[in-house]
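The values are calculated or read from the model by the stated rules, or taken from the named source; none is laboratory data. Model, not experiment: these values are computed from the prediction. Using ideal geometry, Cβ is built from the backbone for each residue, glycine included, and neighbour counts are taken over all protein chains shown. Keep in mind that these areas ignore ligands, DNA and RNA; they rest on the heavy atoms of the full protein, side chains included. Shrake-Rupley method; radii C 1.70, N 1.55, O 1.52, S 1.80 Å.
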Amino acid sequence: EKGGFDWFMRKEIYEQPKAVADTLLGRHDASGALRLDEIRISQAELRAVDKIIVIACGTSFYAGLVAKYAIEHWTRVPCEVELASEFRYRDPIVGPTTLVVTISQSGETADTLMAIRHAREQKAKVLAICNTNGSTIPRESDAVIYTHAGPEIGVASTKGFLTQLVACYLLGLYLAQVRGTKFGDEIAVLIEELDKIPAAIEGQLGDMAGVLQLAADFAEAPSVLFLGRHVGYPVALEGALKLKELAYIHAEGFAAGELKHGPIALIENELPVFVVMPPQGRDMLHDKVISNIQEIRARGARTIVLAEEGDADAGPYADVMITLPKVPTLLQPLVAIVPLQIFACELATRKGHDVDQPRNLAKSVTVE
Ligand code: F6R
């Protein structure tokens, strides 16, 4: 049942093009108009929403952080993202015009479930993004968008994460459509770009020699850092989490702009630092991240730069370049996380670890 792969995790990483395509399937008509028929919250109710709170744990929380950038940009509705375990213990401001979006692969995470119960007591509408049909979280929510990743057996989430991102983008675009904050043709263009993602990931997966080499080169590194900005920041957090849980080595993700506010003190000779470059030419962030790379390189870090194809600016300061397919900025996490998943998986298997069942972890966390 591992389909020729030795680990479920490897198989699931390689299934990502299909998982993304399946999650997009049937969600729009030929004109690019979105149809999320399964959302049982009326369009009038969606138009009345004045705040969105995304609630999740772990990797699903990082999908939520990406969702904030996309949802606020497309809908102009304020969107907060909160760890499920923190939500109900701080007396959050939630009411009938709050849309609570929960993200859970398993649909059984106790922290997330408790947050949902609290939100519904305050009369908020709850929409679940979930991969498991009929699980507790969608049953206790007002609406659900199912991700169609198929069963995820590896404890560390991979294809689950990518399909959660897709569901978040679909939700953001759907809200924009319903609330009229984006024109139909703009939505259609983004849907077209989403439809191209499976082929883009397929291309990446066919060319991972550079990443395998990195896993060999850094197998003994005691610590690895990840930097990103904008939607690259949650990618950095997720890259670090994959490495912690699979390879059991210290890893941290930072917003690149925070570097000078503390983390730069960690930089020392030979420390591997992955940097997710924002796409070129769209705003000033690109150049700011180039400066960050120069700063850490000057202090002895080994810089591994993930940049879109054709972006040569980081070349002079990168020890290793990993090329990403060109995609719209907000969609970049879908392609930027793939090499980081493979890096963590390969590094961990080199160390002899069981990547399907990392120590101390369970697939569903059903206690608070
Ligand atoms: C990390 C991982 C966990 C889960 C988290 C939430 O690889 O798998 O961080 O993402 O426990 O789980 P779900 O999405 O099932 O609620």
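Taking every C-alpha pair closer than 8 Å and separated by at least 6 residues, the mean separation divided by the residue count of the chain gives a relative contact order of 19 percent. Annotation for LEU266 and GLU140: the two label points, set 7 Å from Cα along the Cα-Cβ direction, are 3.4 nm apart.
Taking the accessible area of region 207-297, probe 1.4 Å, and keeping the other protein chains in place, the carbon and sulfur fraction comes to 51%. Computed over the alpha-carbon pairs of region 187-245, the distance histogram in 10 Å steps reads 17, 32, 38, 10, 2 percent, short to long. Short to long, the 10 Å bins of the Cα pair-distance histogram for the chain hold 5, 25, 34, 25, 10, 1 percent of all pairs.
Using helices alone, what [θ] at 222 nm do you get for the chain, with -39,500 (n - 2.57) per DSSP H run of 4 or more residues, divided over all residues and rounded to the nearest 500?
Values: 13 runs with 160 residues, N = 368.
It comes out at -13500 deg cm²/dmol, rounded to the nearest 500.
The angle between the Cα long axis of helix 333-350 and the main principal axis of the chain comes to about 50°, on a 0 to 90 degree scale. Please compare each pair in LYS196/LYS242; LYS125/LYS242; LYS68/LYS242; LYS51/LYS182; LYS326/LYS351 to a cut-off of 29 Å on the Cα-Cα distance and tell me which ones are over it. Result: LYS125/LYS242; LYS326/LYS351 exceed 29 Å. The alpha-carbon atoms of region 84-192, seen along their principal axes, cover 41, 37, 22 angstrom, with the largest extent given first. Distances between placed amide hydrogens fall under 5 Å for LEU271 paired with ARG302, all partners being 5 or more residues away or on another chain.
Counting only alpha carbon atoms, the long axis of helix 110-121 and the longest principal axis of the chain meet at about 30°.
Taking all pairs of distinct Cα atoms, average 1/r, flip it, and tell me the Kirkwood hydrodynamic radius of region 250-368 in Å to one decimal place. Spell out each step's value before the answer.
Working: mean 1/r = 0.0626 Å⁻¹.
Radius from the Kirkwood sum: 16.0 Å.
Please give the Cα centre distance for region 1-38 versus region 53-132, rounded to the nearest Å. For region 1-38 versus region 53-132, the Cα centre distance is 23 Å. Just to confirm my numbers, what's the Cα centroid distance between region 326-368 and region 240-275 in Å? Computed from Cα coordinates, the inter-centre distance equals 16 Å. Applied to region 283-290, the Karplus parametrisation 6.51 cos²θ - 1.76 cosθ + 1.60 on θ = phi - 60° returns per-residue 3J(HN,Hα) values of 6, 7, 4, 3, 5, 5, 6, 4 Hz, with x for Gly and Pro.
Every pair of different Cα atoms in region 154-260 enters the Kirkwood calculation, which places the hydrodynamic radius at 16.4 Å.
In the context of the full set of protein chains, the chain has a per residue accessible area of 40 Å² (1.4 Å probe). Excluding same-chain neighbours fewer than eight residues apart, the aspartates and glutamates reachable from LYS18 by a Cα-Cα span under 18 Å are GLU1, GLU152, GLU192, GLU193, ASP195, GLU202, ASP207. In degrees, nearest 10, range 0 to 90: what is the angle between the Cα axis of helix 159-179 and the longest Cα principal axis of the chain? Approximately 50 degrees, to the nearest ten. Backbone amide hydrogens, once placed in the peptide plane, bring LEU324 within less than 5 Å of ALA307, GLU308, GLU309, excluding anything fewer than 5 places away on its chain.
May I ask you to derive the relative contact order of region 288-339, considering only C-alpha pairs under 8 Å and at least 6 residues apart, and to give it as an integer percent? The partial results should precede the final answer.
Working: 48 pairs, mean separation 16.0, N = 52.
Across region 288-339, relative contact order equals 31 percent.
Within region 198-283, the trypsin sites (Lys or Arg not before Pro) that combine a DSSP coil assignment with at most 11 other C-beta atoms in a 10 angstrom radius are ARG282.
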